[in-house]
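The values are calculated or read from the model by the stated rules, or taken from the named source; none is laboratory data. Since this is a predicted model, take the numbers as computed values, not measurements. When we count neighbours, we look across all protein chains shown, and the Cβ atoms used for this are built from the backbone with ideal geometry, even at glycine. With ligands, DNA and RNA removed, areas are computed over all heavy atoms of the protein, side chains included. Shrake-Rupley method; radii C 1.70, N 1.55, O 1.52, S 1.80 Å.
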Amino acid sequence: MKYAILFFIAFINSILGYVLLKGKSNKYNVYYFLVVLSLTLWVFGVGMFYYFPYVHDNDLFFVKLLYFFGALIPTSFLGFVILFPDNKNTIKE
């Protein structure tokens, strides 16, 4: 299975996002979980697209999945980036 690494990465990313979400549920972790979830589902879609290359109905479904979660990656990351750099934890000299 040549694309097993994609499924492994998706699995590890989803576990990491879940652990961070359940550890301390604040808004930073929720937005990071959304980024990780969209990346995980996108990687899963890429793996399924390449794993079933000759099934036309599945190809169309997974292509739509790729575009949908591919569009969610920058959207969720933008929300994380806007939220993250607040000035509460600045170093004072």
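In nm, to one decimal, how far is the modelled label at residue 63 from the one at residue 11, with both set 7 Å along Cα→Cβ?
Result: 3.0 nm between the two label points.
Counting only heavy atoms of the protein chains, get the accessible area per residue of segment 22-62 (1.4 Å probe) and round it to a whole Å² value.
Heavy-atom SASA per residue in segment 22-62 reads 68 Å².
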